[in-house]
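Colleague: Before I ask anything, here is the structure I am working with.
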Amino acid sequence: MTGLTGPTATGPNQSGPQGEVFFYHLTRAPLEATLPMLLDRSLAQGWRICLRGRDARQLEWLDEQLWLRPEDGFLPHGQAGGEHDARQPVLLTTGAEMPNDANALIAIGGAEVTPEEMRQLTRVSVVFDGNDPDAVAAARVQWKEVVAAGVTAKYWSQENGPWEMKASAEASDKEE
C-alpha cells in the first residue's frame, strides 16, 4: 500500500499549518483488512495512534480482528477505559480524548475530527466505506472542512486496484 510514507508535517511548536489529512476510500478491501496496514505503517513511522469510531460495538469487533491480523505480525493496541490507556501505542476509542498522547488519528464510521486536531496531529486518516452512500457523503463534508481549515488533504482510492492518490489540496496559512 502506498500513501503512508509521505512527508511528515511540521511539529506543533512550529508556525504555519501543520498535519495532513488522508482520506481512504474503501472500495475493494474491507476496513478490517485495510486497518492493519494503516496501523502498521503508522507505527513504523514511530507514531502513537488513536483509532476513533462512533460505534462502541464496531470498535469491540475491530479489537478482536486486530488480535487476529496480520497473521505474520502483532499490532499492539487496547480499548480506551483501561488503566493502561496512556501506554497504548494504538488506542481504540469513541471519545475525543487521546490519553495515549497520540500524534496520529484514524477516524472511522464518520467519527468527528476537529480543525484543531487536524492542525496539531502529524497525520489524520479518514477511512470510509465507498459502498455506503451516507459514508461517502459524510467524507465529502469532512473534505470541505479540512480544506476550509487550511490543512493539507489527500484523497486515496483503491478503485483501480492498488491505492492511488486521486486528489490533493495543499495547506494554506489561514492565520495571516
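The values are calculated or read from the model by the stated rules, or taken from the named source; none is laboratory data. Remember, it's a predicted structure, so these values are computed and weren't measured experimentally. We place every Cβ from the backbone using ideal geometry, glycine too, and count neighbours over all the protein chains shown. For accessibility, only protein heavy atoms count, side chains too; no ligands or nucleic acids. Shrake-Rupley method; radii C 1.70, N 1.55, O 1.52, S 1.80 Å.
Colleague: Would you confirm whether any residue within segment 39-47 is at pLDDT 90 or above, under 15 Å from residue 126 (Cα atoms) and in contact with a Cys (Cβ under 7 Å, 6 or more places away or on another chain)?
Modeller: no
Colleague: Could we say that residue 89 is more than 13 Å from the chain's Cα centre (by Cα) and at pLDDT 95 or above here?
Modeller: Numbers: more than 13 Å from the chain's Cα centre (by Cα): yes; at pLDDT 95 or above: yes.
Taking the combined requirement at face value, the residue satisfies it.
Colleague: Under the condition of being polar (S, T, N, Q) and within 14 Å of residue 27 (Cα to Cα), which residue from segment 145-169 is most open to solvent (accessible area, probe 1.4 Å)? Talk me through it step by step, then tell me what you get.
Modeller: Pass one, segment 145-169, residues polar (S, T, N, Q): 152, 157-158, 160, 168.
Next cut, within 14 Å of residue 27 (Cα to Cα) only: 157-158, 160.
Values: 157: 1, 158: 9, 160: 96 Å².
Within segment 145-169, the match that is most open to solvent (accessible area, probe 1.4 Å) is 160.
Colleague: Residues being open to solvent by less than 10 Å² (accessible area, probe 1.4 Å), in a loop (DSSP other than H, G, I, E, B) and under 28 Å from residue 149 (Cα atoms): count how many of those fall in segment 74-112.
Modeller: Adding up the residues that qualify gives 2.
Colleague: Still on this structure, I have one more. Can you name every residue in segment 139-165 that is aliphatic (A, V, I, L, M) and out of contact with any strand residue (DSSP E or B) (no Cβ under 7 Å at 6 or more places or on another chain)? Full working, then the answer.
Modeller: Narrowing segment 139-165 to residues aliphatic (A, V, I, L, M): 139, 141, 146-149, 151, 153, 165.
Result: 141, 148, 149.
Colleague: Here is a follow-up. Answer yes if at least one residue in segment 123-144 is touching a residue at least 40 places away in the same chain (Cβ under 8 Å), buried (at least 17 other Cβ atoms within 10 Å of the Cβ) and basic (Lys, Arg), and no otherwise. Working first, answer last.
Modeller: Residues of segment 123-144 touching a residue at least 40 places away in the same chain (Cβ under 8 Å): 123-131, 136, 139, 142-143.
Checking which are buried (at least 17 other Cβ atoms within 10 Å of the Cβ) leaves us with 123-129, 139, 142-143.
Filter once more, keeping what is basic (Lys, Arg): 123.
Yes; the residues of segment 123-144 include at least one that is touching a residue at least 40 places away in the same chain (Cβ under 8 Å), buried (at least 17 other Cβ atoms within 10 Å of the Cβ) and basic (Lys, Arg).
Colleague: If you go through segment 145-176 one residue at a time, how many are assigned to a helix (DSSP H, G or I) and without any contact (Cβ under 8 Å) to a residue 40 or more places away in the chain? Lay out the reasoning, then the answer.
Modeller: First pass over segment 145-176, keeping only residues assigned to a helix (DSSP H, G or I): 145-148.
Now drop any that are not without any contact (Cβ under 8 Å) to a residue 40 or more places away in the chain, which leaves 145, 147-148.
So the answer is 3.
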